[in-house]
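Beneath this line is the structure, given in structure tokens, with notes to follow.
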Amino acid sequence: MDDVDVLTIGAGGGGYPAAFRLAAAGRRVVMVDPKGVMSGNCLAEGCVPSKAVREIAHHLLRHRRFHKSGLHGEVSVDYSEVVAHKDQVQTRRYEQHDAELRAAPNVALLTGTARIDDPHTVAVDTPEGLRRFNARNIIIASGSDISVPPIPGLEHCLSSRDLYALRPSVSTLPASMLVIGGGYVGLETASFFSAFGTRVTVVEREAQLLPGMDPDMVALLAPLLDPNIEIILRAEVRRVEPTSQGVRVVFFDGTAEQHRSAAQAFQALGRHPVIPAGLREIGVTVGAHGVQADPTLQTNLRHIYACGDVNGRTPLFHAAVRQSVAAAANIMAGDRHADAVDFLSTPTTVFTLPAAAYVGLTRASAAAAGVSIEEGAYSFAEDSRAQIFGETQGEIRLFFQTGSLRLVGGWVVGIDAGNLIGQIGLAVSRGLDARDLAAFADQHPMSAEGISRAARSLF
């Protein structure tokens, strides 16, 4: 048995930032991951490859918009080259992570599957055989995996792995695609493929797209999406059937069974946490959404931490990184509370075309929490950068606590949403108020100046 100070189960965003920080402080660290590479699902089949595809789709739409402004000529889409670009980005980042790992002292990455035998013992099944480790601290960062609900025929559908993995199974553009699930993964993918020319239908079981997100924000976004995308709400998928031309998806619309056919179907019905074998048996509490962890990322066994998707708190890569850093700080403090994560101030972006992003409390969540708010808004119709790009729909909306005018949240729908929400999130996390934001001279002509304009609208 090998003795280590810290063992991370997973080498993605919830694992490797802590591993590097702890190793730099002199701790002996081993990361265990079945992929044998760093960065987890984000780089493997998620945020990085999908956004590599997204940016090409975004540039294509902008080129079409500028056709009337001097950029003449048609631009055709070779989807195989889009995939090659995506693969190149992934390969470069894997090489970058490999170089970081080789340069780091005191940390090793082991390819294998972990099983927890007791509160300090982890067995790892590797290609070379079984290895056992005694670890003072364990970080559970095993991430999440694609959910496959028991819908007959769902195996005939593509998943994010088929589209966004390195060297994916799909490298040609389908003539038509039926997307099952109107959450962020499904809606983003629908946006990209529609921009490339695929005829897209989205089927969502709930009464709104992006279930769980503020309905008022979604109501702003939905009309801005490509009108060529057919969206069917309140549709419960009953089965998926193969046909000679592709697939047929049968759904119940509340009255009767209906169907749509397409060359390909893509299922985006969520993800579920990957719980390491043996974790429940040693007494760590696992809830409906994942391993239960407090803002210090400690579980009920205080030397065991749970970071990233596996805890179900904020299943986003940047959230996992922040949690991993906090866990490292608390481990270095002897499992005392040296750092804690404010889960509410982690921004979320839906990278549709156009995008929507939010952070903190918004209109619906503030009402649910009983927090009285005042709102400041800025329409992109007034924004010089939005006018330059011809993307004047949408807004910045900020939510301030009544009385103190402390910023508690905000959303951005439209141009630069994914960039602007970080600035708003920083202000939320640092407790800034409307006067702080109003007093800041952000750059002109950039969309970020709309943040101070939104704050000034209160005065």
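With the crude spin-label approximation of a point 7 Å out along Cα→Cβ, what separation in nm comes out for L71 versus L301?
According to this spin-label approximation, the distance is 5.5 nm.
Once label points are set 7 Å from the Cα along Cα→Cβ at both L130 and H85, what is their separation, rounded to one decimal in nm?
Result for the modelled spin labels: 4.9 nm.
Which cross-chain or sequence-distant (5 or more) residues have an amide H under 5 Å from the amide H of D117, H modelled 1.01 Å from N in plane?
V122, A123
Could you tell me what percent of the DSSP beta bridges with both partners in the chain are antiparallel, to the nearest 5?
Roughly 60 percent of the DSSP beta bridges within the chain come out antiparallel.
Calculate, in nm to one decimal, what H259 and A288 gain on full extension: separation in residues at 0.36 nm each, minus their alpha carbon distance.
7.2 nm
Two decimals is fine: what is log10 I(q)/I(0) at q = 0.08, 0.14 Å⁻¹ for the chain, from a Debye sum with one equal scatterer on every Cα and no solvent?
Values returned for q = 0.08, 0.14 Å⁻¹ are -0.52, -1.40.
Cα centroids of region 308-363 and region 14-87: how far apart, whole angstrom?
20 Å
Determine the shape class of region 154-269: with a ≥ b ≥ c the square roots of the Cα gyration tensor eigenvalues, call it rounded for a/c under 1.5, and otherwise prolate if a/b is greater than b/c, oblate otherwise.
Taking the square roots of the gyration eigenvalues as a ≥ b ≥ c, region 154-269 is oblate.
Can you work out the Karplus-derived ³J(HN,Hα) for every residue in region 389-399? Use 6.51 cos²θ - 1.76 cosθ + 1.60 with θ = phi - 60°, whole Hz, and x for glycine or proline.
Ordered by residue, 3J(HN,Hα) equals 8, x, 10, 9, 8, x, 6, 10, 10, 10, 10 Hz.
Above 17 Å lies some portion of the pair distances; for region 51-190, what is it as a whole percent of all C-alpha pairs?
76 percent
Could you derive backbone 3J(HN,Hα) for region 160-172 from the dihedral phi with the Karplus parameters 6.51, -1.76 and 1.60 (θ = phi - 60°), listing whole Hz in sequence and x where the residue is Gly or Pro?
Karplus-based 3J(HN,Hα) across region 160-172 equals 4, 5, 5, 9, 10, 5, 4, 6, x, 6, 9, 10, 10 Hz.
Which far-off residues, 5 or more places away or on another chain, put their amide H under 5 Å from the one on G197, with H placed in the peptide plane?
Result for G197 returns nothing.
When DSSP beta bridges are limited to those with both residues in region 51-202, what percentage is antiparallel, rounded to the nearest 5?
75 percent
Rounded to the nearest 0.05, what FRET efficiency do Q96 and E236 give with R0 = 35 Å and r taken as the Cβ-Cβ distance? Could you check?
0.20
So who's got an amide H within less than 5 Å of the one on M31, skipping anything under 5 residues away but keeping other chains? H placed 1.01 Å off N, in plane.
Excluding prolines and chain starts, which carry no amide H, the hits are T8, A108, L109, L110.
Quick check: residue separation of D162 and R336 times 0.36 nm, minus the Cα distance between them. What number comes out in nm?
Taking D162 through R336 to full extension adds about 58.4 nm, to one decimal.
Just grab the label-to-label distance for D78 and N419, each label 7 Å out from Cα along the Cβ direction, in nm (one decimal).
2.9 nm
Using θ = phi - 60° and the Karplus form 6.51 cos²θ - 1.76 cosθ + 1.60, what ³J(HN,Hα) does each residue of region 190-198 get, whole Hz, x for Gly and Pro?
Karplus values, whole Hz, x for Gly and Pro: 4, 4, 4, 5, 5, 4, 6, x, 6.
Since every read-out is calculated from the coordinates, none of them should be taken as a lab result. Values in this document were obtained by computation on a predicted structure and should not be read as measured data. Backbone-built Cβ (ideal geometry, glycine too); neighbour counts: all protein chains shown.
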